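Comments concern the structure below.
The values are calculated or read from the model by the stated rules, or taken from the named source; none is laboratory data. Here the structure is a predicted model, which means the values were calculated and not measured. Please note: Cβ atoms are built from the backbone with ideal geometry, for glycine as well, and neighbour counts cover all protein chains shown.
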Amino acid sequence: MEFVILGLLILKNQTVYELNKAFQQGIALFYSASYGSLQTALKKLLLQGDIGFMEEVDRGRNKKVYVISEKGREAFYTWMGSDIPTSRLESTALAKVFFLGLIESAHDKRALLEHIIAKIEQVEQELQQVDQGLQNIQVPEPYAEILAYQIKTLDYGIRSHTFAKEWFEALLAELPSQT
C-alpha cells in the first residue's frame, strides 16, 4: 500500500481524505484499503522519510497535505522496477500498470510488462502442473464431488492467469518498440 500512496503523491499532494477517495474511486478495483490502513501507512512513510506534510487551514480547520520526498520518489521508482511476489501478483501488477504513465522510457515500460508476463506464465505453469497431478488422483466416493469442485476452482485460477497474460501481452503490443 505504501508504494501506491507514493505514486498518488507523485501525481499530486493530497490529504488523507483525498488519498482515501482515490482508493475508493479507482484503485479499489484491484487494491483495497481502509481509512485506518491508509493512516497507518502514512505514519510509516513519514517515519521512513518518504513523505512529509504541510499544514493548511481550510474553512477554519487544520489539515495535513502529504507531500512526497525525494527519498520517497526514489523508493517508488525502485518498487516499479522490482520483482513481484507471486502471492500478490494480480494486485501488484495492476498497481504498477496504474502508474505506468509515470515511467518515461518506453524501454523501461516494456521491461516491466515483460517481467509481469513472465511472472504470470510462471504461476500459470505451476497451476497447470497441480492440475495435471490431480487428474489421475483417486479419492473415496464421498470426497469425489468435493475434489471435483476444488479442481474447478483451480481451473478458474488457470483461466484467470491465461486471461491476465493475454491482457498484459496486448498492453505490451500497444507500446512503441523504441525507447
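Odds and ends about this structure:
- Region 138-179 - residue that is β-branched (Val, Ile, Thr) and touching a Leu at 6+ places or on another chain (Cβ under 7 Å) and, of those, farthest from LEU89 (Cα to Cα): VAL139
- Qualifying residue in region 108-121 (condition: surrounded by fewer than 14 Cβ atoms within 10 Å (Cβ to Cβ) and of a type in the set (Val, Ile, Thr)): no
- Residue count for region 127-159, restricted to those that are under 22 Å from the mean Cα position of the chain (by Cα) and free of Cβ contacts under 8 Å to residues at least 12 places away in the same chain: 2
- Once region 131-179 is narrowed to residues that are assigned to a loop (DSSP other than H, G, I, E, B) and either at positive phi or not β-branched (Val, Ile, Thr) (or both), the residue that is surrounded by the most Cβ atoms within 10 Å (Cβ to Cβ) is LEU175.
- Condition check for LEU45: at pLDDT 90 or above, in contact with a strand residue (DSSP E or B) (Cβ under 6 Å, 6 or more places away or on another chain) and closer than 21 Å to GLU18 by Cα: yes
- Tabulated pairs, region 40-65, first on the phi > 0 side of the Ramachandran plot, second surrounded by fewer than 16 Cβ atoms within 10 Å (Cβ to Cβ) and in a loop (DSSP other than H, G, I, E, B), C-beta under 8 angstrom, 6+ apart or interchain: none
- Which numbered condition ILE84 fails, given (1) free of Cβ contacts under 8 Å to residues at least 40 places away in the same chain; (2) among the hydrophobic types (A, V, I, L, M, F, W, C); (3) farther than 29 Å from PHE163 by Cβ: (3)
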